Structures are given as structure tokens and as C-alpha cells.
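In what follows, a single structure is set out as C-alpha cells and then discussed.
The values are calculated or read from the model by the stated rules, or taken from the named source; none is laboratory data. In this text the structure is predicted, and so the values were computed from the model without any measurement. Cβ: placed from backbone, ideal geometry, glycine included. Neighbour counts: every protein chain shown. Quick note on the areas: whole protein, heavy atoms, side chains included, nothing else; ligands and nucleic acids left out. Shrake-Rupley method; radii C 1.70, N 1.55, O 1.52, S 1.80 Å.
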Amino acid sequence: MRQPLSLRLRLTLTVGLLTGAMALLFGLLVDPLLRAHLLEDVDARLGARAARLAELPAGAQSAALEAAEHYAALIGPDGEPLARSPAARAEPFALGPELLGAARAGQTVATTGEAADGTPWRLWAGPAQTDAGPGGVLILGEPIAAQQQMLAQVRRLLLLCGALAALVALGAAALLTGRTLAPMTQLMRDAAVVVSSGRYDQRVPVLRRNDEVGQLAQTINTLIATVEQTLRQQREFLADTSHELRSPLTVVLANLNLLRRDLDPHERELSVDEAATEAQRMRRLINELLLLAQSDSAQVIAEAPVRLDWLVEDVVGGVRRQAPEHIYQLQVDEPLVVIGDEERLAQLLRNLLENAAKHTPPGTTVTVRLQRSGGSALLTVADSGPGIAAEHLPHIWDRYYRVDKVRSRAAGGTGLGLPIVKYIAEAHGGRVDVASEVGVGTTFTVELPLAPEAAAPARQPAETWRA
Ligand code: ADP
């Protein structure tokens, strides 16, 4: 609840501040423009008055100046005043020497200042003809209190409007963000209920399909579904694993119980053999589980150049010795190098060959072929066994999936061989495929990306996986 509120607050404040800042900027732009405009008006009026005065004969001009209500003065070329109004008499140097000099030099100048009594005025000065010749300066002034008052009023009005706009924007933003965020808050509550209750079979309602909130709800539902599926898979996997471990354990315990009795040496040996076989099965299962756990935690596979052709020859040689009841044909077209973990790659091929040995009748042929196909190495293991029916094919990569559970177990299978093959191939950036026809045979294909040309292993494949 806190989070959306603070988001709401932040959005509202941002909108309010932005509006306030824009109003301020507007005021800052308008104020000097208005001020310049008002002063221009005054200057034009003073200029016009000066022009009218200039047209008067000298005597009348002096009289007009002397009688002027505001500041008015005619300064001679020598700097001496020729005629002045009372206001100019009171403040002879109001214009300042610099502007006076400029006016004398022929420019029209204007300035703003304050009279002795504190009223603001505008002084205008321009070159003037005098009796004594050119070089005179005519100074005219006018109070601008009214203009300044107006400016101050406009400023106050701008401030007020700005503050009001910011307030209205604040209110509108608060209202709007509140309305926009309300469904989000609801969505969050719904999702929190699912998470806290652990009822991943539930979904949050998707009310408005087409907007962002609706999309978020759909994404949350996808997430919940993923969690649900993962949890179910985990449960099933745990149940399957417990089941797989229970059978051999039962056999081991039964044999241990038998061994307590007074058995004859032959029976004793049989019993020990059976217990040992089942213990080995458990060890194999656990080893395979550990390997698959690595695939779940996405552990990186060791990376080094591997000569696949050497590896294939060595593994097939080893299997030939271990399972001699099948005929193994080997076709290796050319040296091929992939980047990866040679021990794992050897295990991949061994799993496929052991499957062929386990699931096809003795005396049949198993063909292993390694060839290049574009930028990949293609490794195929083809047998002429009973094949796998089409309905089973998509499932053989699943953990513990076996077409004939009893037969597979009897042959020492754990149901984890093919999932491991798939994991190893994919961990090497490759993929696996199977083609099978009942009564004809099965062909497994593993495609692995080839190493860049320069890569080549420095040594023969390791002894660990050979034979
Ligand atoms: P298993 O330990 O049972 O061999 P796998 O995961 O290696 O487990 O294989 C899964 C199932 O696929 C096997 O139980 C078997 O039914 C089927 N299978 C695998 N390879 C072959 C093959 N070459 N010929 C016929 N069936 C096979």
C-alpha cells in the first residue's frame, strides 16, 4: 500500500512543481516585455513633446520650458542651462554626465530614475539647437509611478495565477494518479493474496485487457502459472525419485535380512550379488541425478577444444569391449573439433550406445556416424532394434520416462539416460533429435556446433572416459 501512495505523491508533486515552474517562467518573460513596452510609450510621448518644442521660436521655447510641470531643461553647448522648469532647477544633474555627453554627441537617450521626493521618473534627452548654435541638449522628464504601479499589479496577478495553476494541477494530478493507480493497487493486493496463500492454482482478474494494467495482470498470471508448473514438476520429480530409490533399497534390505539367516554359501553369494547390483543401481541413479541437478542450476560446462573423431572412436572401442553381443559399425568422415567438456560428450555417446545395447536384441548392428554438416558436427547412432512407437517419442526425453518400465529396469536403466543426453547436447549449444520406426530401428542424431577453425586440442582425449 505504501509504494503506490508514494508513487502517487511523487507524480502529483512533479506535475505541481512543473506547472509552478512554467508559470514562473511565463512571468519572468512577460514582466520585462511589458515594462519595455510601457517605457517605450513614455519615451515616444517625450520624443514627440521634444519635437513640438523644437519647432517653437527660441523665446516661446524657453517660456514653455520654464513653465513645464515636470522635468524640462535646455542645456547650452557649454553645459550651462539655458532654460529650466522648477523640477529641473531642483535637480540639475538628474541625467548624469554620461548620458548628457551622449545626447550632446547627437544621440537620443532615455533613463529611469527617482526624483528627490522619491517618485520614479523617466528622463529623455536629445540634441537641440540653441541660440548659441548646435551642441545643446534638451532634457524632458515625466513621472512613471502609474506605469510602475500597473507593472506591480500585473506581477501580483501573474504570481497569483501561477500559484493557482500549480494548485489546480496538483489537485488534478492527485485525482488522476489516484484513479490510474487504483487498479494497480488492487492488482498488487490480488497477487499478494496468491503469493501469501501459496494457492498457485488461482489467477488475478484481468479486467482491462488492452491497457498496461491489463497487460501487467496477464504477465503476473503467466508468472503464477510458471510457478505452479515448476512446483508441480518438482513434486512429481521428487515422488518419482523417491519411488525409484525405494525399489532397490527394498531389495537391498530384503537381502540383508536374508543374510542374517544361516544361508548356504551359494545362496549367500547370490544374496550379496543382488544387494550389490541394486546398490550400484542406486549409485548410478544418484550420480545421474546430480548431473541433472547441475543442468537445473545452469552450471557451465567445461570449455576446451575436443576432437570428436578421437572421442567417438575411443568410446565405441570401450563399448565394444563392455557389450560385445552387438555389432558396432563406425563411420568417421573427418577430424572434427567442438568446444566443450570431453567427459560429458563421451557420456552422451555412451548413453546412446548403452540404450542401443539395452533396448535392441543381441546380434543386431549399431551404426555410429560422425560427419560435418555446415558449421555443425552430426553424430548419429542408429540401431535396427524394435523402434519406439510414435506416441512415446515426444516423451522419451522426460525424466524417468520409459516405454517399458519393467524391461528397462531389468536392463539396468534409470530413465535418466536420454534427459542427460539432451542436457549435455544443449549445454554445448547443440540439439538432439530422434527418428524411429517400430520394427525397423531407431536413429538418434546429435548436432553440435563446430569450433572455430583455429581451435584444436593439444593432447589426446583423457584416459578417464576411454574404455
Ligand atoms: P533408460 O534408462 O530406460 O534407457 P532413457 O532415458 O535412456 O532411459 O530412455 C528412455 C526410454 O526410451 C527407454 O526406456 C526406452 O523405452 C526408450 N529407448 C531409448 N533408446 C532406445 C532404443 N535405441 N531403442 C528403443 N527404445 C529406446
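At-a-glance table
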item	result
Residue match in region 141-153 (condition: over 27 Å from the mean Cα position of the chain (by Cα), open to solvent by 90 Å² or more (accessible area, probe 1.4 Å) and closer than 30 Å to Ala105 by Cβ)	no
Which listed residue, of Arg372, Arg344, Arg399, is under 24 Å from Val438 (Cα atoms) and in contact (Cβ under 8 Å) with a residue 60 or more places away in the chain	Arg399
Tally, over region 362-388, of residues that are among the basic types (Lys, Arg) and under 17 Å from Gln322 (Cα atoms)	0
Among (1) surrounded by fewer than 16 Cβ atoms within 10 Å (Cβ to Cβ); (2) more than 30 Å from Arg179 (Cβ to Cβ), the one test that Met22 misses	(2)
Candidate set from region 335-352 (those that are closer than 15 Å to Pro449 by Cα and open to solvent by 50 Å² or more (accessible area, probe 1.4 Å)); member that is nearest to the ligand (Cβ to nearest atom)	Ile339
Residue tally, condition open to solvent by 80 Å² or more (accessible area, probe 1.4 Å) and under 16 Å from Gly198 (Cα atoms), over region 209-224	2
Unmet requirement for Ala88, which otherwise passes all of (1) hydrophobic (A, V, I, L, M, F, W, C); (2) open to solvent by less than 30 Å² (accessible area, probe 1.4 Å); (3) modelled with pLDDT of 90 or more	(3)
Failed criterion for Leu25 (all others in (1) without any contact (Cβ under 8 Å) to a residue 24 or more places away in the chain; (2) farther than 23 Å from Gly162 by Cα; (3) of a type outside the set (Asp, Glu) hold)	(2)
Every residue from region 284-309 that is open to solvent by 60 Å² or more (accessible area, probe 1.4 Å) and either more than 30 Å from Leu238 (Cα to Cα) or assigned to a strand (DSSP E or B) (or both)	Glu303
Only one of Gly118, Gly27, Gly47 that is more than 23 Å from Ala132 (Cα to Cα) and open to solvent by less than 30 Å² (accessible area, probe 1.4 Å)	Gly27
All positions within region 419-441 that are open to solvent by 40 Å² or more (accessible area, probe 1.4 Å), aliphatic (A, V, I, L, M) and either within 19 Å of Gln294 (Cα to Cα) or near the ligand (Cβ under 9 Å from one of its atoms) (or both)	Ala427
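Residue-by-condition table, conditions (1) modelled with pLDDT of 95 or more; (2) more than 9 Å from the ligand (Cβ to nearest atom); (3) open to solvent by 40 Å² or more (accessible area, probe 1.4 Å); (4) not aromatic (Phe, Trp, Tyr):
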site	(1), (2), (3), (4)
Glu354	no, no, yes, yes
Ala357	no, no, no, yes
Thr365	yes, yes, yes, yes
Ala377	yes, yes, no, yes
Asp398	no, no, yes, yes
Arg407	no, no, yes, yes
Ala411	no, no, yes, yes
Thr414	no, no, no, yes
